[in-house]
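Okay, structure first, notes after.
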């Protein structure tokens, strides 16, 4: 990999910390256009705190342009970081790198992380890095009924990505004592059988059916 001239490297690293989001976006673009190992730590550091969605997306893209041998070990370290955004962004970037051998280094506890965004990022990473994993599915089924409708949709989409090998777990969850779990499991089954079905409508109908049966 050709190294960027030192003066330009310094300018880009400083740009990643600029107060103006457009300047940070340009710096992230430049770091991905001309990858250099010296950018990696600064990109990851910025990812943990960057408030702008478009800049975060560019930071992820820039990291995927660098040598995974430089990037992955630092991202794995971020998975145990205290700030939730550091964990969620590291998971997101690892999923974009897409090397399934990475999954063994991802703590399974992230699949049940107390922070919703971290958990959702972990579910997406699992689909990208550990598809058709019965171990992952067994953990994910414990999250049925969690959060708002969008959160539940994310989990159901993860089950679609994992595949029909997890369907039996979903069917068993439909007998749960928790009505929220039962309804979410019913809606998830519908989505797994037909990924084009409207999840919001399926979830609404499942909740109505569960409520009627509970009377």
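Every number in this text was worked out from the coordinates using simple rules, so none of it is lab data. Worth saying up front: this structure is predicted, and the values here are computed from it rather than measured. FYI the Cβ positions are ideal-geometry reconstructions off the backbone, even for glycines, and counts take in every protein chain you see.
Running a GNM on the chain with Cα contacts under 10 Å, which residue among 185, 130, 200 ends up with the highest mean-square fluctuation?
Per the Cα network of the chain with a 10 Å cutoff, 200 tops the list.
Can you tell me the orientation of helix 53-64 relative to the chain, as the angle in degrees between its alpha-carbon axis and the longest Cα principal axis, to the nearest 10?
The two axes meet at around 70 degrees.
Pulled fully out, how much extra length does the chain show between residue 208 and residue 180, if you take 0.36 nm times their separation in residues and subtract their Cα-Cα distance?
Full extension from residue 208 to residue 180 adds 9.0 nm.
Per 0.36 nm of contour for each residue apart, how much would the distance between residue 134 and residue 81 grow if the chain were fully extended, relative to their Cα-Cα spacing?
16.4 nm
Using alpha carbons only, how many degrees (0 to 90, rounded to 10) separate the axis of helix 37-47 from the longest principal axis of the chain?
The helix 37-47 is inclined about 50 degrees to the chain.
At 7 Å along the Cα-to-beta-carbon direction for both residue 96 and residue 196, put a label point, then send me their distance in nm to one decimal.
The modelled label-to-label distance comes out at 3.0 nm.
In vacuo Debye scattering of segment 132-215, one point per C-alpha: log10 I(q)/I(0) at q = 0.19 Å⁻¹?
Taking Cα atoms of segment 132-215 as identical point scatterers yields -0.72.
Per residue of the chain, what 222 nm ellipticity follows from adding -39500 (n - 2.57) for every DSSP H run with n ≥ 4, rounded to the nearest 500?
-20500 deg cm²/dmol
The list (i) 20.0, 72; (ii) 17.4, 53; (iii) 16.2, 52 gives values of Rg and Dmax of the Cα atoms in Å, and only one came from this structure; which label was calculated from it?
Matching the structure shown: (i).
If packing is taken as the average count of other Cβ atoms within 10 Å, what order do 187-193, 58-64, 80-86, 164-170 fall into, highest mean first?
On the way: 187-193: 21.1, 58-64: 23.4, 80-86: 14.7, 164-170: 16.7.
The packing order, highest mean first, is 58-64, 187-193, 164-170, 80-86.
Which FRET efficiency, nearest 0.05, do residue 38 and residue 149 yield, Cβ-Cβ r, R0 45 Å?
Given R0 = 45 Å and the Cβ-Cβ separation, E is 0.55.
Between 0 and 90 degrees, rounded to the nearest ten: what's the tilt of helix 68-78 against the longest Cα principal axis of the chain?
Orientation of helix 68-78: about 60 degrees from the principal axis.
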